[in-house]
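Before any comments, here is the structure.
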Amino acid sequence: MIFSISSSPSLFISPTTARFSISTPLVVPSTSRISSAAAASSSGLRRFRCPCIVFCASKVRDIEEMLDSKKGAAAMVASSSGHEISPSRTFLDARSEQDLLMVIQKETEAGRLPIHIAQGMEELYQNYRNAVFQSGQPQAKEIVLSNMAVALDRIFMDARDPFEFSPYHEAIREPFDYYKFGQNYIRPLTDFRSSYVGNISLFSEMEKKLQQGENIILISNHQSEADPAIIALLLESTNPHLAEKLIYVAGDRVVTDPFCKPFSMGRNLLCVYSKKHMNDDPELVDMKKRANTKSLKEMAILLRGGSKIIWIAPSGGRDRPDPVTKEWHPAPFDASSVDNMRRLTEHAGIPGNIYPLAILCYDIMPPPAQVEKEIGEKRVISFHGAGLSVAPNISYHEIAAAFEEPEEVKVAYSQSLYSSVNEQYNVLKSAVHGKQGLKASTATVSLSQPWL
C-alpha cells in the first residue's frame, strides 16, 4: 500500500489508523456480543502505578487538550453531501466505559449502526484501553474515556454520512480539529522514554528551505497507518509547523475504512488507489487509473506552487518481518517510483530537495502478516517507543555523473536513498529495541530526545 508512479499512473501508500485486534489480555473479557460487552463494568478496570513516564509536554496539558477535543467534537462538521450534521451527544456525554459500550449497543439495536461497525468499535475501545493501561499512567482511565468518546463519535458520524475525500485533501482543522484529535489519540500510546529522533537539525533546515519557496520530498519506509501521527508527534516539540504542512500520499484503504477515515481527515493527503490492489476488481481498474491520473495532476500543481513537503514511501507496501528470522527491515524501494517522483519534482520548475527518512514504530500498530484485499484488516495496538530520522539531501545529478546509462542512474539513485534509510533504521532499531538509547548514535546519525 505504498507510493508508486508508473507509466500508467499507479500510486500507493496508506498512512493513518485502522482497525485493531487484541494484543494483550483484556482487563474486561471481550465478546463478539455487543450486549455482553455493554454489561462490563468500568469498576473492574485494573489500576497501575505511574513509572514516571516522560511526555513531550506536561501531562496536565495533554489532559486539557483531550478535554478540549471532546468539547470541540460538539461542533457542527461539514459532511460529504455538502450539509452540516451534528455529532451524537450520546458518546460525548459518556462518563464511564459502561456508558460507551451501552451507546454502541443502543445505536445498533436502533438500526443506526451496522453490526460490523459496532463490533469494530467495541474491539477498538478494548484494544486502545489496554494499550494505554500498559503505559502505567495514573490518568489512563480518564485519557481512554476522553479519547475514545471522541473517536467513537467520529466513527459513528461517518457511518451515518460517509465523508468523501477529494484527490487532494487538506487537513480539516475547524470547526473540529481532526489533526489535534489524531495527535491526542496517538500520544498516550508512545513511550517517550524510549523514543528518539535522528539528525533533528535537518528538520529545521527543511523549514528554512520551505520558507524560501523550495519543495521537500521525503523518501521513506512505511510501517503502519500510525506513521503520520508518529512523525508529527516526534516533531511536536521542535518543528510542529513542519509536521502540520506535511502532505502524505494515501492509499484508498485509509480513506474508505470507517475506522481510518476520522484520522485521515486530519492529514493533508494526495489520495490514490493502491497499485497492489489495482486489479482486485477488474471492472474498476479503468476508474482507478483515471483517479490516479487526477492525483498526479494535483501533485504537479502543488509542486509548481513551491513550499511543499511531501512524504512518499516507494516500497510497494508496508514493512513486514522476515518470515524466517522475524526481523523487521525497510521494504525495498521501487526504482521507477523513485525516479518518477524525482522527475515530477524537477519538472516543477522550483528547487527541490529529496531527503531519505526512516521511521520505526511498528510495535504501536503493526500491519497484518500478509497483504489483505478486504477493507477492515485487524491490527494489534500497544504502548511502545518509536524512532524517526532523516539524512541530508541526496543529489541525483551527483550520482548520475558516475554512470552512462539512464537506467543505471535510476537504479543507483534509488539504491542510494534506500541504503540511507536502512542505515538510519538500524540506528533507531539499536536505540529502541536494542535499548542502547542515545549511545546508538553514529557519525552520520545523531540521536536526541528533544522533548526532554
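The values are calculated or read from the model by the stated rules, or taken from the named source; none is laboratory data. In this text the structure is predicted, and so the values were computed from the model without any measurement. Backbone-built Cβ (ideal geometry, glycine too); neighbour counts: all protein chains shown.
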Given the structure, is residue 124 within 24 Å of the chain's Cα centre (by Cα), surrounded by 21 or more Cβ atoms within 10 Å (Cβ to Cβ) and not assigned by TED's automatic domain parsing to the domain that holds residue 233? yes
Provide a single number: the residues in region 337-381 that are part of a helix (DSSP H, G or I) and modelled with pLDDT of 90 or more. 9
Look at residue 439 and say whether it is surrounded by 19 or more Cβ atoms within 10 Å (Cβ to Cβ), in the same structural domain as residue 236 (by TED's automatic domain parsing) and either free of Cβ contacts under 8 Å to residues at least 40 places away in the same chain or not hydrophobic (A, V, I, L, M, F, W, C) (or both). no
Determine, yes or no, whether residue 413 is at pLDDT 95 or above, surrounded by 21 or more Cβ atoms within 10 Å (Cβ to Cβ), in a helix (DSSP H, G or I) and assigned by TED's automatic domain parsing to the domain that holds residue 196. yes
Out of region 95-121, which residues are small (Gly, Ala, Ser) and either surrounded by 23 or more Cβ atoms within 10 Å (Cβ to Cβ) or in a helix (DSSP H, G or I) (or both)? 118, 120
Pick out the one residue from 147, 215 that is buried (at least 21 other Cβ atoms within 10 Å of the Cβ), closer than 26 Å to residue 298 by Cα and of a type outside the set (A, V, I, L, M, F, W, C). 215
Got a sec? Which of 172, 155 is outside any helix (DSSP H, G or I) and either of a type in the set (Ser, Thr, Tyr) or closer than 28 Å to residue 112 by Cα (or both)? 172
Condition test on residue 191, is it within 19 Å of residue 365 (Cα to Cα) and in contact (Cβ under 8 Å) with a residue 24 or more places away in the chain? yes
If I go through region 334-358 residue by residue, how many of them are among the acidic types (Asp, Glu) and either crowded, with 20+ Cβ neighbours inside 10 Å or within 23 Å of residue 226 (Cα to Cα) (or both)? 2
Could you look through region 289-306, keep only residues that are of a type in the set (S, T, N, Q) and in contact with a strand residue (DSSP E or B) (Cβ under 7 Å, 6 or more places away or on another chain), and pick out the one that is nearest to residue 346 (Cα to Cα)? 295
Output the residue which, of all residues in region 207-238 that are in contact with a Cys (Cβ under 7 Å, 6 or more places away or on another chain) and in a loop (DSSP other than H, G, I, E, B), is nearest to residue 418 (Cα to Cα). 223
